[in-house]
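The values are calculated or read from the model by the stated rules, or taken from the named source; none is laboratory data. Quantities reported herein were computed from a predicted structural model and do not represent experimental measurements. Using ideal geometry, Cβ is built from the backbone for each residue, glycine included, and neighbour counts are taken over all protein chains shown. For accessibility, only protein heavy atoms count, side chains too; no ligands or nucleic acids. Shrake-Rupley method; radii C 1.70, N 1.55, O 1.52, S 1.80 Å.
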Amino acid sequence: MQNYRNSNLIIESNKVTPDKITWKCPSNIALIKYWGKYGLQLPRNPSLSFTLTHANTETSITYAPKSEYGISFDFYFHGNKRDDFKPKIQNLLEKTIEIFPFLKQLHLTIESTNSFPHSAGIASSASSMAAMALCLCSIEEKLFKPIGSQEEFYKKASYVSRIGSGSACRSIFPIASIWGEFAEIKAASNEFGIPAENLINPVFQTFHDDILIVSKEEKTVSSTAGHGLMEGNIYAENRYQQAKTRMHFLLMAMKSGDLETFGQIVEDEALTLHALMMTSNPSFLLMRPGTLSIIERLRTFRRETKIPAYFTLDAGPNVHLLYPEQFSDVMDEFIRDELSKYCDNYVIKDMVGKGPELI
Ligand code: PMV
């Protein structure tokens, strides 16, 4: 068990110069889905994701000493004070206060912007919690000493991100990341993500992910509630086993560059996630008619053109189209001519990316 609690991280004098730290962090899209958790956001099965580029959150934390002792912060989203966003951040700060005890001595002004509209139906908790975690680790380094090597810094940031939102721990790493114990990869852990860039063929390192926004509505089930529903789901145990088996075969396919096997497993995973939600009690049907139309059109297109373009889904109606870089022009045309009519006027053209950036 990793233990980052450190009661020595206390500011001795009140002579801290106010300062500001900014990180930009991308979102990620899971290929093997994390669905089901226990304890402090520990996953029931291993997951694997692509780190994205354009769907990201930029967060700045300005910190200044204060005389009273306790967690205190203000939160601004796109320049507007948003107290309604505070509980998630309060939760992260409370749960990590023994890791960063100095936070009780500071007042934080947190300013955040998303590269995509908040109402686009895209979960921003992965990129926002990872950006927050990176800022907290950087503040620790500014006030005390370096956390360690770059690898150690990112490992700690990933651990802290996980506490904010499980899947956020995978956003820390470039290209791809694995989170959750998996016998074949000794370094894999339930407590933090690890880089998976070196485990995959170059064809995947420039993969595109076009996010087709079928509905901009807020999700009807929060991911915490969704994970919770797995506890009573009769398929749960089989599902956790299945995720491990799929992880094995997906990694083999991604290593060799076998696009067909990759696509089959990724689509099966997306539909399994939705099947689990449909068979939960209460049941949730998060796909919309447009989601199914896009999937059907994509499958026909693939059969006719032999272009290796596949879909995945998050816990919502929007479709992620995954395909190699070389098909980007023809995919643009296909989306414009045949798929955009199912979208709520919005497509985010994203791709696998380099991971977070200190601004
Ligand atoms: O990190 P959470 O608690 O928002 O859960 C994310 C769950 C999925 O996005 C559906 C799957 C995943 O692995 O990212």
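Quick rundown of the values:
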read-out	value
Per-residue ³J(HN,Hα) for the range 58-75, Karplus 6.51 cos²θ - 1.76 cosθ + 1.60, θ = phi - 60°, Hz, x for Gly and Pro	10, 10, 10, 10, 9, 10, 8, x, 9, 7, 6, 10, x, 6, 8, 7, 10, 10
The chain: relative contact order as a whole-number percent, Cα under 8 Å and 6+ apart	23
On Cα atoms only, tilt of 289-305 relative to the major axis of the chain in degrees	60
Distant-in-sequence amide H partners of Asp209 (H built 1.01 Å from N, under 5 Å)	Asp350, Met351, Val352
Accessible area expressed per residue, the range 214-359, with surrounding protein chains retained (probe 1.4 Å, Å²)	51
Accessible area per residue, Å², the range 113-197 with all protein chains present, probe 1.4 Å	32
Accessible surface of the range 202-351, 1.4 Å probe, proportion on carbon and sulfur as whole %	52
Estimated dipole of the chain in Debye, rounded to 20 [Cβ of Lys and Arg +1, of Asp and Glu -1, Cα centre]	620
Separation in nanometres of the label points that stand 7 Å from Cα toward Cβ, at Asp329 and Leu285	4.2
Relative contact order (%) - the range 1-144, alpha-carbon pairs under 8 angstrom, separation at least six	33
Per-residue HN-Hα couplings for the range 85-99 [Karplus 6.51, -1.76, 1.60; θ = phi - 60°; Hz; x = Gly/Pro]	8, 5, x, 5, 6, 4, 4, 4, 5, 5, 6, 10, 5, 7, 7
Rounded tilt (10° steps) of 125-143 against the dominant C-alpha axis of the chain	30
Of all accessible heavy-atom area on the range 61-158, the percent that carbon and sulfur account for (1.4 Å)	49
Distance (nanometres) between label positions extended 7 Å along Cα→Cβ at Leu358 and Ser293	4.8
Set Lys24/Lys306; Lys66/Lys354; Lys66/Lys145; Lys255/Lys354; Lys20/Lys219 screened for pairs whose C-alpha atoms are more than 25 Å apart	Lys24/Lys306; Lys66/Lys354; Lys20/Lys219
Peptide ranges 93-106, 149-162, 168-181 listed from the most packed, as the mean C-beta count within 10 angstrom indicates	168-181, 149-162, 93-106
